[in-house]
1. Among the residues of region A:50-71, what is the count of those that are within 13 Å of chain B (Cβ to nearest Cβ) and open to solvent by less than 10 Å² (accessible area, probe 1.4 Å)?
2. Looking at A:ALA34, is it surrounded by fewer than 23 Cβ atoms within 10 Å (Cβ to Cβ) and either at the interface with chain B (Cβ under 8 Å from one of its Cβ atoms) or in contact (Cβ under 8 Å) with a residue 24 or more places away in the chain (or both)?
3. Hey, which of the strands (runs of 3 or more DSSP E) in region A:3-57, taking only ones fully inside, have at least 3 residues that are touching a strand residue (DSSP E or B) at 6+ places or on another chain (Cβ under 9 Å) and within 25 Å of B:GLU220 (Cβ to Cβ)?
4. Please go through region B:22-50 and give me each residue that is within 20 Å of B:LEU142 (Cβ to Cβ), in contact (Cβ under 8 Å) with a residue 24 or more places away in the chain and open to solvent by less than 60 Å² (accessible area, probe 1.4 Å), ordered by number.
5. Quick check on region A:127-142. Is at least one of its residues within 14 Å of another protein chain (Cβ to nearest Cβ), crowded, with 22+ Cβ neighbours inside 10 Å, in contact (Cβ under 8 Å) with a residue 60 or more places away in the chain and of a type outside the set (Phe, Trp, Tyr)?
6. Being part of a helix (DSSP H, G or I), surrounded by 17 or more Cβ atoms within 10 Å (Cβ to Cβ) and modelled with pLDDT under 95 narrows it down to one of B:GLU110, B:GLU160, so name that one.
7. Provide a single number: the residues in region A:72-105 that are outside any helix (DSSP H, G or I) and either at the interface with another protein chain (Cβ under 7 Å from one of its Cβ atoms) or closer than 26 Å to A:LYS43 by Cβ (or both).
8. Would you check which residues across region A:106-125 are open to solvent by less than 40 Å² (accessible area, probe 1.4 Å) and within 14 Å of chain B (Cβ to nearest Cβ) and list them?
Amino acid sequence: MAPAIHLRTAVALAGRFPALSGVDLSADSGEVVAVLGPNGAGKTSLLRTCAGLLAVTSGEAVVLGHDLRVDCSEVRRHVGLLGHAAPLYDELTAAENVRFAVRAAGCSSARAEPALERLGLVGRLRRTTVGRLSAGQRRRVALAVLVARAPALWLLDEPHAGLDAGARRLLGELVAEAAAGGATVLLSSHEPEVVEPLADQVMVMAGGRVAEWRRGGRRALRSIGTGVGTGVTDVA
Amino acid sequence: MWRDALLVAGKDLRIELRSRVALWQVLPFAVLALVLFAFALGPSPVAMRRAAPGLFWLAVLFSTVLATQRSFAVEAGEGTRDGLRLSGLDPAGIFLGKAAAVFVQLAALELVLWAGVTLLFGVRIHATWLAVIACLLATVGLSSAGVVYGALSAGLRVRETLLPLLVLPILAPVLLAGSRAWSAAIDGAVSSGVGWLRILAPFAVAYLAVGVALYGPLQEAG
């Protein structure tokens, strides 16, 4: 089966400036990839490229079976991106934001309620306009949008930022559930200790390129479970 | 496309009802403009009645710029702009929904301004149907053109100053034809008024077509 994400020496531009300078990445359905690196390494650009938001100018870039150099619109329908700024409307309530996103994706608005409950957005919280919520609560609403939409590709750009310990645990569960359901997850972070245990693959970026690859904790655990591997994470 | 348009129009109008920017900023601005024009023209009732159609449409034109800016301000942040591009909504549906929401706000504003020119300027319209059709066609044109140019300037830092520069010259035919059609409606000169509707209708249709065809590329460029 073809990988969900296939990048080969992919070069992408953000406006007129190079954002990715020849990145290779292959991730299958159900895989979680942690993307690490310092500020300006290209983590956000990689996620935005996979979402079809940055133009790929050379190399190969096929996401969910669609060539990004030919058509991004079909990919975008199946992608959920949680960026630094949550895609929410301040004047709408948490419930209205989730319902709008779900209906925009062509799904039934009935999918909003279970997602709101899963993220603990019940009672007064679900009726509060998003502009009045704290940063962490807004993050929960944005996650509820992802859970309700259930995209085939989750792109989470530093999703742990602004979340308390309970919400971080919940995020870990959601990532694991999405991957178990067949979704591919790209997870960028500054905190290796937080994301590596969740990931099958860990890629470290620098200067718009992949500087290092290693196996993540999730693959090691799965290897133990199936008796295939040693269970030892080979850290470069 | 129509389903997406309804969804976007509903979202934009709900946001507008909550924030009440149109009610507390756009409407007072338009009424204030009308009152100031009345002061500038002096106490002559004849001069005021003659100028009323032009002043009405000038106030509507300036309000179109404000309503359009507001329509794009709710998606000015990177998160919501990307969210809309990744939402799965048809760009043509987004255009129609945004234009419909601006249309509803402008139509409500025109009702208030109509009452304003009647009370302030003593205007009495003899061919009401002509004035109503002129309002409908002009408002479709204003909202469609406003959203097209709003999308064009949406991603730019200078969008708030650029939009009036882009859109006001483009809307000049609506100002001219709308004012003349209203003058004809006031005088009861139906045949002359219908001639001016023949400018408003193609303008509205042209910008609707341009918006449906080009909103996707404009959204990407923004």
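1. Count: 4.
2. On the way: surrounded by fewer than 23 Cβ atoms within 10 Å (Cβ to Cβ): no; either at the interface with chain B (Cβ under 8 Å from one of its Cβ atoms) or in contact (Cβ under 8 Å) with a residue 24 or more places away in the chain (or both): yes.
No, not satisfied.
3. Because the criterion is at least 3 residues that are touching a strand residue (DSSP E or B) at 6+ places or on another chain (Cβ under 9 Å) and within 25 Å of B:GLU220 (Cβ to Cβ), the strands (runs of 3 or more DSSP E) in region A:3-57 that meet it are A:5-14, A:17-27.
4. Keep residues of region B:22-50 that are within 20 Å of B:LEU142 (Cβ to Cβ), which gives B:22-23, B:25-34, B:37.
From what's left, in contact (Cβ under 8 Å) with a residue 24 or more places away in the chain: B:22, B:25-27, B:29-31, B:33-34.
Passing the criteria: B:ALA22, B:VAL26, B:LEU27, B:ALA30, B:VAL31, B:ALA33, B:LEU34.
5. Checked against the condition, which is being within 14 Å of another protein chain (Cβ to nearest Cβ), crowded, with 22+ Cβ neighbours inside 10 Å, in contact (Cβ under 8 Å) with a residue 60 or more places away in the chain and of a type outside the set (Phe, Trp, Tyr), region A:127-142 yields at least one hit.
6. Unique residue meeting the criteria: B:GLU110.
7. 16
8. Answer for region A:106-125, where residues must be open to solvent by less than 40 Å² (accessible area, probe 1.4 Å) and within 14 Å of chain B (Cβ to nearest Cβ): A:CYS107, A:ALA112.
The values are calculated or read from the model by the stated rules, or taken from the named source; none is laboratory data. All figures in this text were calculated on a predicted structure; none of them were measured in a lab. Cβ: placed from backbone, ideal geometry, glycine included. Neighbour counts: every protein chain shown. Note: accessible area is taken over every heavy atom of the protein model, side chains too, but ligands, DNA and RNA are not part of it. Shrake-Rupley method; radii C 1.70, N 1.55, O 1.52, S 1.80 Å.
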